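Note sheet for the following structure.
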2 protein chains.
Amino acid sequence: IIARAAAGLFSSGLLAGKRVVITAGPTREALDPVRYISNHSSGKMGYALARAAVDAGAQTILVSGPVELATPDHVNRIDVQSADDMLAQCLALVADCDIFIACAAVADYRPGTISTEKIKKGPEKISLELVRNPDIVAAVAASEHSPFTIGFAAETNDLLAYASSKMERKGLDMIVANDVSDPAIGFNSDHNAATVLWPGGSRVLEEASKATIARDIIRLIADRVSLIRD
Amino acid sequence: IIARAAAGLFSSGLLAGKRVVITAGPTREALDPVRYISNHSSGKMGYALARAAVDAGAQTILVSGPVELATPDHVNRIDVQSADDMLAQCLALVADCDIFIACAAVADYRPGTISTEKIKKGPEKISLELVRNPDIVAAVAASEHSPFTIGFAAETNDLLAYASSKMERKGLDMIVANDVSDPAIGFNSDHNAATVLWPGGSRVLEEASKATIARDIIRLIADRVSLIRD
């Protein structure tokens, strides 16, 4: 009952009537029918953001890579595997979307070719050709009717410098920077800490549960959206 | 009660007093602190074998890659990430082991170097140098006091030919061949079907639950062990 009351308190309708698309989890880039390249994203942060968006009154769609998480109540979840899949889904959704949060840990590269049969063990050393994946958040930010677009920067070093330059280069409205070198707030943790940057401002979010961080981020987004779009 | 009675029936002590080591799940080969190469192994078959080995009265150790499965009762589980980790654990256990079942889907290759920092997105195409991983089941079969050693062959084509040559080349006592191109019995399925080969014989195990297939395999192992070692 206390949790429900707290949710009610937050459910101030900060995002009432808004349509929010959130990407979450890793992508998996196939090498052959059994092997893939992926990363340690658990999807917990993206799923927490989806919960917070619903609590704030938004119509919420999760475009999710492969994760071991239950779909939050009232969230429409679309499962994808590769970055190409995720891009196609996001571009299909973006025309009808007010806020786009790119929380997924999209693989930067994928194998240049996908073998249709399992690759046999061969020589002692092999060279794998990788090609750049599409940049989903940049593609969304550059689309004709681009929504308010939030990116994430997970780095192990020079966090704020990388995040700030990423925001500018990709034309984002906001970026959430977090340091994944600290295991206490890393990919599989239930906690996080972040610095949120936007053109002309920033806010440090001290270590807290991902649910709390998610609500703080949703509040900051709602503030910025009302300032910019009203 | 029926399940317990069935377990009791099987618990005929086929492997009473035997020490069994089973590898299960995928391995993860790190590229950098956040990225890795892995495969779609769920670990379900290896965990089912561990359950069947315990039911047959064996002291059972699971050397497990990262999976989303609960540890079966009475099983001693050792978690590992990479093929190198798995090899080290297996070689440490093998001197004191009667039966070794290599059910894990060990990555054939790993990145030649592991970056200590997250690799930045760079040029449009990059080339990733991969080096062969150690062959764990062959190393165990070739060790001084080698246990009765069972390998697995998961293939998408020419199944029995590959499996038979793998058994001979690696000096195995038995190999379990299954066709991973069929999604009904693939990596994440609860069902399996297999052909078990040993020098001079074979047995087809028709599609059934992984629990049933596991019991059939444990019976075949017990038969061969008593023939060869008694």
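The values are calculated or read from the model by the stated rules, or taken from the named source; none is laboratory data. Quantities reported herein were computed from a predicted structural model and do not represent experimental measurements. Every residue, glycine as well, gets a Cβ built from its backbone with ideal geometry; the counts of neighbours run over all protein chains shown.
The residues on offer are A:190, A:182, A:135, and the sole one that is without any contact (Cβ under 8 Å) to a residue 24 or more places away in the chain and either farther than 30 Å from residue B:163 by Cβ or more than 14 Å from chain B (Cβ to nearest Cβ) (or both) is A:182. Entry remark, region A:90-119: residues being farther than 21 Å from residue B:34 by Cβ and in contact with a helix residue (DSSP H, G or I) (Cβ under 8 Å, 6 or more places away or on another chain) number 6 in total. Among strands (runs of 3 or more DSSP E) entirely within region A:34-113, having at least 1 residues that are hydroxyl-bearing (Ser, Thr, Tyr) singles out A:35-39, A:59-64, A:109-111.
Answer yes or no as to whether residue B:15 is buried (at least 24 other Cβ atoms within 10 Å of the Cβ) and assigned to a loop (DSSP other than H, G, I, E, B). So residue B:15 passes the test.
Per the listing B:88, B:161, B:154, B:141, the residue uniquely at pLDDT 95 or above and within 28 Å of residue B:192 (Cβ to Cβ) is B:141.
Of all residues in region B:18-26, one or more are of a type outside the set (Ser, Thr, Tyr), on the phi > 0 side of the Ramachandran plot and part of a loop (DSSP other than H, G, I, E, B). Taking region A:79-93 as the range and being surrounded by 17 or more Cβ atoms within 10 Å (Cβ to Cβ) and of a type outside the set (Gly, Ala, Ser) as the test, the residues that pass are A:80, A:86, A:87, A:89, A:90, A:93. The residue pairs whose first member lies in region B:101-130 and is over 30 Å from residue B:146 (Cα atoms), whose second member is assigned to a loop (DSSP other than H, G, I, E, B) and among the aliphatic types (A, V, I, L, M), and whose beta carbons are closer than 6 Å, counting only pairs six or more residues apart or on different chains, are B:118/B:34.
Of all residues assigned to region B:63-78, none qualifies as being charged (D, E, K, R) and buried (at least 19 other Cβ atoms within 10 Å of the Cβ).
The set of residues in region A:114-141 that are under 17 Å from the mean Cα position of the chain (by Cα) and either within 18 Å of residue A:174 (Cα to Cα) or part of a strand (DSSP E or B) (or both) comprises A:135, A:136, A:137, A:138, A:139, A:140, A:141. Counting only residues that are buried (at least 19 other Cβ atoms within 10 Å of the Cβ) and not polar (S, T, N, Q), region A:131-169 holds 16 of them.
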